[in-house]
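Taking it in order: structure first as structure tokens, then the write-up.
Nothing in this text is a laboratory measurement; each read-out follows from the coordinates by a stated rule. Remember, it's a predicted structure, so these values are computed and weren't measured experimentally. Counting neighbours? That spans all protein chains shown, and the Cβs are built from the backbone with ideal geometry, glycine included.
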Amino acid sequence: LAEARGLTRRVLAGQEVPRQEATRYRKDGSTVEVIVAGSPILLEGQLIGAVAAYHDVSNLKQTERRLQSSLREKETLLREVQHRVKNNLQVVSSLLYLQALRAGDGPAGVMLQENSNRVRSMAMVHERLYGAQDLAHIDFGGYVRSLCASLLESYAPPSGQVQMAVDVQNLRLTVDLAVPCGLIITELVSNALRHAFPDERRGRIEVTCVKDEADYVCLQVGDDGVGLPQPSVAGDSNSLGLELVAMLVDQLHGRMEVERSHGTLFRVIFAAHTTNGEDTDG
């Protein structure tokens, strides 16, 4: 009642009352949600009356509340799905890791360790989605930093032997892009940690990712190690890891370049949108 009187006083004082939501009461005492607006009627600068309009939006507001409630339920369900997927992937990764420990340092152990890291990289995507406000995109910079730290710990080179540098701009990617990018990083960083610095050679691995004005993402993984032999380019060798990288680049509809001038540098370039044209940078 006090609000209605206040609006009336404003109109009678010659002020416009813009559209706003309010609650009014019917004769039976029940409430009704309305949109109200008011305007003074002026004649030669003199106030001669006022007009007010009320529009009943009760049904519209009820529908809006039902939709919001349904959306919250779906978000809760989606978070639970992300949580379960993350947990299942972490279990698989842990099982592979335990098998790798039992297999030792031979080829089987190396293969199991690699697969454990691959599964972990996918689990980390779902872990970040579970804790995010935006369930469609992830903070790619935070994800890459966590992933590289995990890989460095997994291969455990002597303390200080290999430095890891990650430089990723404020970039948000969908799961469709983040998962293959994470797997590419896992393969290339793992390969550098295993082969680029033999005999406790000291070195540096750099991972960078930027998006340009043309909406293309450039992901680079490079090291200053001993270099990659010419036949080891993805597609020209029997290396499962590099063949997987080539497949993932195709999945991104991108292209890959390899430089060997100072160590090895892999550059992957792809459009920053999914196949259905949805923008991914938020």
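Extending each Cα 7 Å along its Cβ direction at His195 and Asp105, get the distance between those two points in nm, one decimal.
Distance between the two pseudo-spin positions: 1.9 nm.
Under 30 Å Cα to Cα from Lys86, which lysines show up? Leave out anything in the same chain fewer than 8 places away.
Here the lysines satisfying the reach criterion relative to Lys86 are Lys74, Lys211.
Averaging sequence separations of C-alpha pairs under 8 Å and six or more residues apart, then dividing by the length of the chain, give the relative contact order as a whole percent. Mind dumping the intermediate values first?
On the way: 441 pairs, mean separation 31.2, N = 282.
Averaging sequence separation for qualifying contacts and normalising by length gives 11 percent for the chain.
Based on DSSP H runs of at least 4 residues, each adding -39500 (n - 2.57), what is the mean residue ellipticity at 222 nm of the chain after dividing by all its residues, to the nearest 500 deg cm²/dmol? Each step should come with its number before you reach the end.
Details: 6 runs with 130 residues, N = 282.
The helix contribution divided over the chain gives -16000 deg cm²/dmol.
Going by Cα centres, segment 180-204 and segment 1-79 are how many Å apart?
Using only Cα atoms to place each centre, the spacing works out to 62 Å.
7 Å from Cα along Cα→Cβ at both Leu43 and Ser30: what's the point-to-point distance in nm?
Label at Leu43, label at Ser30, 4.0 nm between them.
From the convex hull of the Cα coordinates of the chain, what is the mean projected area in square nanometres? Walk me through the numbers before you get to the answer.
Details: hull surface 96.1 nm².
Approximately 24.0 nm², given one-decimal rounding.
What is the packing order of peptides 116-126, 34-44, taking the mean over residues of other C-beta atoms within 10 Å and listing the highest first? Don't jump to the answer; show the numbers that get you there.
Details: 116-126: 22.8, 34-44: 14.3.
Highest mean packing first, the order is 116-126, 34-44.
Rank Asp215, Asp56, Asp105 by mean-square fluctuation in a GNM of the chain with C-alpha springs under 10 angstrom and give only the top-ranked residue.
Of Asp215, Asp56, Asp105, the most mobile in the Gaussian network model is Asp56.
What does the charge dipole of the chain about its Cα centre add up to, to the nearest 20 debye, if the Cβ of each Lys and Arg holds +1 and the Cβ of each Asp and Glu holds -1? Intermediate values should be presented prior to the final figure.
Numbers: 29 positive and 36 negative charges, 249 e Å.
Roughly 1200 debye for the chain.
Calculate, in nm to one decimal, what Glu21 and Thr76 gain on full extension: separation in residues at 0.36 nm each, minus their alpha carbon distance.
On the way: separation 55, 0.36 × 55 = 19.80 nm, distance 2.94 nm.
Gain in length upon complete extension: 16.9 nm.
Just Gln62, Gln163, Gln251 to compare: in a GNM of the chain, with alpha carbon springs under 10 Å, which one fluctuates most?
With Cα springs under 10 Å in the chain, the top fluctuation among Gln62, Gln163, Gln251 is at Gln62.
With springs only between Cα atoms under 10 Å apart, run a GNM on the chain and tell me which of Asp224, Asp28, Asp176 wobbles the most.
Fluctuation is largest for Asp28.
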